Amino acid sequence: MSQTLPRHIAVIDIGKTNAKVVLIDRERGAQIAALSRPNDVLRDGLYPHADVDGLWDFILASLGTLQADHRIDGISITTHGATAALVTDTGLALPVLDYEFDGPEASRQDYTEARPPFAETLSPPLPNGLNLGAQIFWQAATYPDEFAAVKRILTYPQYWAWRLTGVAASEVTSLGCHTDLWNPGSGDFSTLVSRQGWRHLFPELRPAASILGPILPEIAARTGLATETPVTCGIHDSNASLVPHLARKDTPFSVVSAGTWTICMTVGGSTDGLDEARDSLANVDAFGRPVPTARFMGGREWGLLVTRIVAPSAADTSDIIARNVHVLPGTVPGAGPFSGAKGGWNVDPQSLSDGQRNAAVSLYLALMTRECLGLCGLGNMIVVEGPLARNTLFCAALGRLSDVPVYASGDSTGTSMGASLLFGGSGGATTQHAVPPMDIEGLEDYAAMWRSRVRDNSLT
């Protein structure tokens, strides 16, 4: 059976900040090539929107390059959430809205009355377009003529699958990520979808791992790929990070998936501790099961807070802890477990060396991750995926703060590897190493002082 599976899998991986096409060798469970470009937001037209034409050209050019250099046997897709394409039979009815655009706030009062309760969807009310239902509600109200022409609503991975194969599908991981569109308990669309008359616009549900079909002949001609190259339905990116771990039996365990967002998920955990006021929710995994989740914009905050990346020394970290130098949440407002907090430093960051600054921000991310794990349930171990897996101080501090083993993934991106596993195989699930907990005095007192300052919403 395994001999019939594709070996070289091209993963189209569209994150909020960057877009990549990554080639995975399924038999080795390793990335062998990658091409990337910024995922720019276009500011022209009706509202800020995704550069789908630029991304499409990049995807096709990348597929052609990887085919020429290595050979591609299959294509899988993963993208960020809170995004959908409203399409006609031939193309977009409206631009693909950028979820950070505040336009949907204009419909906030009406949408609040229309959206289902948290108990039904386990999807909290989020600002701007972070609830996909709020986007669609606003688009329908603001552009009624264009919306009347919509034939299908395609969540973002399935939009790209449709462009590659011509086959339209819906899929639960993208429908179940804080959209207000899905009821995890019933495994069906929420009452919002039926009440707004949108149900007929969503295509048939297909599993993330299902093969929608081969690529279209024109795609094969442009890229040089074989006409029979299969394409999976695709998967939401933080759920892609879960795929290598879903076969584990020692639940509950936690996975921290790092990118623009730092997503904390506890497989086999309870949804009872979720708090809709603190940006915690249930994701839905590739098998349709609710996964308690909490998150914050850790990658975005790192980019705003760190001016130059260096590895902090033990002395840098000790000094930050001894002096109680803190970063407080709120650098990116409206997201995370302290969405109303006043963000910033309690010292002038210009007074810090690069090593001290990196230490302080790494500790801040560990503290925020620990808070998120308190909401979604701390598992008996933690696996860190993505860029934060390379941050030894973050992983070591998280181990000390959590008092459970922390393992850093050896993959450069857990999302691409996870998406490749939709074709089968074990991938990089075993390429992890244990990170010993931090052995520097004073972290507990430092953390207690940070929590006190967060509660007081003070920078003093």
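The values are calculated or read from the model by the stated rules, or taken from the named source; none is laboratory data. Bear in mind that the values here come from a model prediction, so they are computed numbers and not experimental data. Positions of Cβ are backbone-derived with ideal geometry, glycine not excepted, and every protein chain shown enters the neighbour counts.
Here the condition is being polar (S, T, N, Q), free of Cβ contacts under 8 Å to residues at least 12 places away in the same chain and either touching a strand residue (DSSP E or B) at 6+ places or on another chain (Cβ under 6 Å) or under 27 Å from ALA149 (Cβ atoms) (or both); of THR78, THR90, THR83, it holds for THR90 alone.
Listed here are the residues, each with its yes/no results for (1) in the same structural domain as LEU154 (by TED's automatic domain parsing); (2) surrounded by 17 or more Cβ atoms within 10 Å (Cβ to Cβ); (3) within 30 Å of ASN128 (Cα to Cα).
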{"site": "ILE14", "(1), (2), (3)": "yes, yes, yes"}
{"site": "THR17", "(1), (2), (3)": "yes, no, yes"}
{"site": "LYS20", "(1), (2), (3)": "yes, yes, yes"}
{"site": "GLY29", "(1), (2), (3)": "yes, yes, no"}
{"site": "ALA50", "(1), (2), (3)": "yes, yes, yes"}
{"site": "PHE58", "(1), (2), (3)": "yes, yes, yes"}
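Suppose the filter is part of a loop (DSSP other than H, G, I, E, B) and in contact with a strand residue (DSSP E or B) (Cβ under 8 Å, 6 or more places away or on another chain); does GLY45 pass it? Considered against the rule, which asks whether it is part of a loop (DSSP other than H, G, I, E, B) and in contact with a strand residue (DSSP E or B) (Cβ under 8 Å, 6 or more places away or on another chain), GLY45 comes out as no. Only one entry of SER190, SER186, SER257 meets the criterion of being within 17 Å of PRO290 (Cβ to Cβ) and not assigned by TED's automatic domain parsing to the domain that holds ALA82, and that entry is SER257.
So is PRO117 surrounded by fewer than 22 Cβ atoms within 10 Å (Cβ to Cβ), touching a residue at least 40 places away in the same chain (Cβ under 8 Å) and closer than 22 Å to VAL291 by Cα or not?
Here the answer is no, as PRO117 does not meet what is asked.
Selection of region 149-168 for residues being assigned to a loop (DSSP other than H, G, I, E, B) and aliphatic (A, V, I, L, M) yields ALA149, VAL150, VAL167, ALA168.
Suppose the filter is modelled with pLDDT of 95 or more, on the phi > 0 side of the Ramachandran plot, in the same structural domain as SER416 (by TED's automatic domain parsing) and not polar (S, T, N, Q); does GLY377 pass it? Yes. If you filter region 51-93 down to residues that are of a type in the set (Val, Ile, Thr), assigned to a helix (DSSP H, G or I) and within 20 Å of the chain's Cα centre (by Cα), you find that the one that is farthest from LEU181 (Cα to Cα) is ILE59. Do the conditions hold for SER123, that is, is it free of Cβ contacts under 8 Å to residues at least 40 places away in the same chain, not in a helix (DSSP H, G or I) and not acidic (Asp, Glu)? In short, no. Before we move on, is LEU274 part of a loop (DSSP other than H, G, I, E, B) and more than 17 Å from the chain's Cα centre (by Cα)? Yes: the conditions hold for LEU274.
Count of region 351-400 residues, restricted to those that are outside any helix (DSSP H, G or I) and among the β-branched types (Val, Ile, Thr), is 3.
For the condition under 24 Å from TRP56 (Cα atoms) and either buried (at least 22 other Cβ atoms within 10 Å of the Cβ) or in the same structural domain as LEU422 (by TED's automatic domain parsing) (or both), what is the one hit in THR173, THR179? Sole residue among the options that is under 24 Å from TRP56 (Cα atoms) and either buried (at least 22 other Cβ atoms within 10 Å of the Cβ) or in the same structural domain as LEU422 (by TED's automatic domain parsing) (or both): THR173. The single condition among (1) crowded, with 18+ Cβ neighbours inside 10 Å; (2) farther than 30 Å from GLU228 by Cα; (3) in contact with a helix residue (DSSP H, G or I) (Cβ under 6 Å, 6 or more places away or on another chain) that GLY74 does not satisfy is (2). Being assigned to a loop (DSSP other than H, G, I, E, B) and either surrounded by fewer than 21 Cβ atoms within 10 Å (Cβ to Cβ) or of a type outside the set (D, E, K, R) (or both): is that true of ALA240 here? Against the criterion (assigned to a loop (DSSP other than H, G, I, E, B) and either surrounded by fewer than 21 Cβ atoms within 10 Å (Cβ to Cβ) or of a type outside the set (D, E, K, R) (or both)), ALA240 does not qualify.
Residues in region 1-23 that are at pLDDT below 95 and among the aliphatic types (A, V, I, L, M): MET1, LEU5.
None of LEU126, LEU86, LEU97, LEU63 is buried (at least 19 other Cβ atoms within 10 Å of the Cβ), at pLDDT below 95 and assigned by TED's automatic domain parsing to the domain that holds LEU212 except LEU126.
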